[in-house]
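Have a look at the structure below before the remarks.
The values are calculated or read from the model by the stated rules, or taken from the named source; none is laboratory data. As the structure is a computational prediction, the values presented were derived from the model and not from experiment. Heads up, the Cβs are rebuilt from the backbone with ideal geometry, glycines too, and the neighbour counts pull from every protein chain shown. For accessibility, only protein heavy atoms count, side chains too; no ligands or nucleic acids. Shrake-Rupley method; radii C 1.70, N 1.55, O 1.52, S 1.80 Å.
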Amino acid sequence: ATIRAQLFIAIFLYATIGTVATYAIGRKLIRLNYAKLQREADFRYSLVRIRDNAECIAFFNGEDIEQKEVGHRFNSVIENMRDLNVAQRNLDMFTCSYS
């Protein structure tokens, strides 16, 4: 009982195309996951910095500036999370439909 050459080639091509497509679709996740770690760390750092310098910030009326900065970093975290969810959804949809 041997596998016909045409069937072997078809299976091999199917697996190769699926692997290449999965890599192409999922490649964006690497960058987004790295950005997630970086942006969350920046956000946490800004919160710690505010806590450590709260007295100086209050003394110099810097609340508005700090609020804008923290808001900007938080929005960056949310934006990256949205992009990450979309990329993960796209990869999941492809892998579920291809298999």
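Sort out which residues of the range 70-91 are over 16 Å from Leu29 (Cα atoms) and of a type in the set (D, E, K, R), and write them in order of number. Matches in the range 70-91: Arg73 only. Within the range 1-44, the set of residues being out of contact with any helix residue (DSSP H, G or I) (no Cβ under 9 Å at 6 or more places or on another chain), among the small types (Gly, Ala, Ser) and in a helix (DSSP H, G or I) comprises Ala5, Ala10, Ala15, Ala24, Ala41. Just checking, does the range 51-72 include any residue being under 24 Å from the mean Cα position of the chain (by Cα), acidic (Asp, Glu) and in a helix (DSSP H, G or I)? The answer is yes; a qualifying residue exists. Just so you know, in the range 76-88 the residues that are surrounded by 14 or more Cβ atoms within 10 Å (Cβ to Cβ) and free of Cβ contacts under 8 Å to residues at least 60 places away in the same chain include one that is farthest from the chain's Cα centre (by Cα), and it is Ser76.
For the range 57-75, a residue qualifies if it is open to solvent by less than 70 Å² (accessible area, probe 1.4 Å) and either on the phi > 0 side of the Ramachandran plot or of a type in the set (A, V, I, L, M, F, W, C) (or both), and the qualifying residues are Ile57, Ala58, Val70.
For the range 10-41, filtering for residues that are farther than 23 Å from Thr95 by Cβ and either in contact with a Lys or Arg (Cβ under 6 Å, 6 or more places away or on another chain) or open to solvent by 70 Å² or more (accessible area, probe 1.4 Å) (or both) leaves 3. Restricting the first member to the range 32-50 and to residues that are closer than 14 Å to Lys68 by Cα, and the second to residues that are of a type in the set (Asp, Glu), the beta-carbon pairs closer than 7 Å and six or more apart or on different chains are Ser46/Glu69; Ile50/Glu66.
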